[in-house]
Amino acid sequence: MARAAGVAIAAIAYFALCRLRRVGRRNLELAFPALPAAERSAILRREYRHLGWLLAEFCKMSTYTPASASRFIRYDGLDHYLAARDRGKGVLVLTGHLGAWELSSFYHSLAGHPMGMVIRRLDNPLVDRMVNRIRCQHGNRVLHKDDFARGLIGAMRAGETVGILMDTNMTPPQGLFVPFFGIEACTASGLARVALKTGAAVLPGFLLWEPAERQYVLRFGPALSLADTGDAEADAAVNTALFTAVIEAGVRQYPDQWLWMHRRWKTRPPGQPAIY
């Protein structure tokens with residue numbers, strides 16, 4: 001019932017929010033130029049349906065228990081996460097707006113692994129508090145983007161886990177230009193800098209819908225090997241490119257589960273024309 005309502009809302013949004021639909025089509029054209037236009041449109045339609053599911057999941061999240069959630073979510077690669085955590089130097093979970101990103105950290109905390117989340121404050125303070133209350137119901141905590149660097153370093157030194165959504169458009173100097181689908185995208189470099197400064201493990205983590213299984217899978221990959229040459233700026237650029245390539249690989253595998261309506265290539269390198 002909740003899913004049906006979420007899909008209906010998403011369908012209305014697809015037709016009503018023309019600007020977002022145009023951005024989604026433009027992004028798919030940039031990422032998959034060889035795909036027929038009809039196939040790109042089908043991906044976008046399925047993404048809206050997936051967003052409707054996410055809305056329904058968020059509305060129900062506060063009622064989930066470990067037993068009820070385990071009926072439609074399973075782990076894959078939890079051993080990678082536990083090994084990284086047990087190193088004691090902190091864990092940075094590399095993730096993005098791919099799959100059920102809100103449900104992923106919630107489920108991880110529900111399973112007994114609370115974590116921090118780097119989140120942008122919502123414009124409405126009342127909504128922001130309400131959403132964060134649900135996110136943090138089982139021990140998670142929020143690190144706001146506008147004041148996260150100090151808290152992130154402290155969390156790593158305490159051996160904690162923090163998830164970072166690293167697939168949004170940034171602006172210099174916080175962002176570096178690295179390839180994303182072969183196009184330079186301004187990308188946050190903070191994760192790379194903190195990882196080298198603290199020695200924290202960086203591992204990919206995404207909660208993805210597996211159609212063949214009819215369930216979500218929270219998948220952790222092994223910790224990534226980072227460049228560490230002693231040249232801080234060069235290492236930040238190489239590692240940020242690595243993180244972005246990991247996200248791109250996930251998007252290519254699950255194209256209808258990524259947030260195509262975000263203007264990912266809005267910030268352009270000097271001298272390059274606007275994309276949107």
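The values are calculated or read from the model by the stated rules, or taken from the named source; none is laboratory data. Predicted, not measured: the structure shown is a model, and the values here were computed from it. Using ideal geometry, Cβ is built from the backbone for each residue, glycine included, and neighbour counts are taken over all protein chains shown.
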Report task. Please specify each residue of segment 16-52 satisfying the condition of being over 26 Å from residue 184 (Cβ atoms) and aromatic (Phe, Trp, Tyr). Result -> 48
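Okay, residues lined up against (1) part of a loop (DSSP other than H, G, I, E, B); (2) hydrophobic (A, V, I, L, M, F, W, C); (3) in contact with a Phe, Trp or Tyr (Cβ under 7 Å, 6 or more places away or on another chain):
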| site | (1), (2), (3) |
| --- | --- |
| 236 | no, yes, no |
| 240 | no, no, no |
| 261 | yes, yes, no |
| 264 | yes, no, yes |
| 267 | yes, no, no |
| 271 | yes, no, no |
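So, restricting to strands (runs of 3 or more DSSP E) that lie completely within segment 138-225, which ones have at least 3 residues that are farther than 26 Å from residue 72 by Cβ and in contact with a strand residue (DSSP E or B) (Cβ under 8 Å, 6 or more places away or on another chain)?
Of the strands (runs of 3 or more DSSP E) lying wholly inside segment 138-225, those with at least 3 residues that are farther than 26 Å from residue 72 by Cβ and in contact with a strand residue (DSSP E or B) (Cβ under 8 Å, 6 or more places away or on another chain) span 175-180, 183-188.
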Query raised in the report: Is it true that residue 117 is surrounded by fewer than 19 Cβ atoms within 10 Å (Cβ to Cβ) and within 25 Å of residue 66 (Cα to Cα)?
Result: no
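Touching a residue at least 12 places away in the same chain (Cβ under 8 Å) and surrounded by fewer than 18 Cβ atoms within 10 Å (Cβ to Cβ): is that true of residue 232 in this structure?
Details: touching a residue at least 12 places away in the same chain (Cβ under 8 Å): yes; surrounded by fewer than 18 Cβ atoms within 10 Å (Cβ to Cβ): yes.
Taking the combined requirement at face value, the residue satisfies it.
So that you can scan it fast, the table gives a plain yes or no per residue for (1) at pLDDT 95 or above; (2) under 29 Å from residue 261 (Cβ atoms):
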residue: 57; (1), (2): no, yes
residue: 62; (1), (2): no, yes
residue: 65; (1), (2): yes, no
residue: 76; (1), (2): yes, yes
residue: 95; (1), (2): yes, yes
residue: 100; (1), (2): yes, yes
residue: 106; (1), (2): yes, yes
residue: 115; (1), (2): yes, yes
residue: 122; (1), (2): no, yes
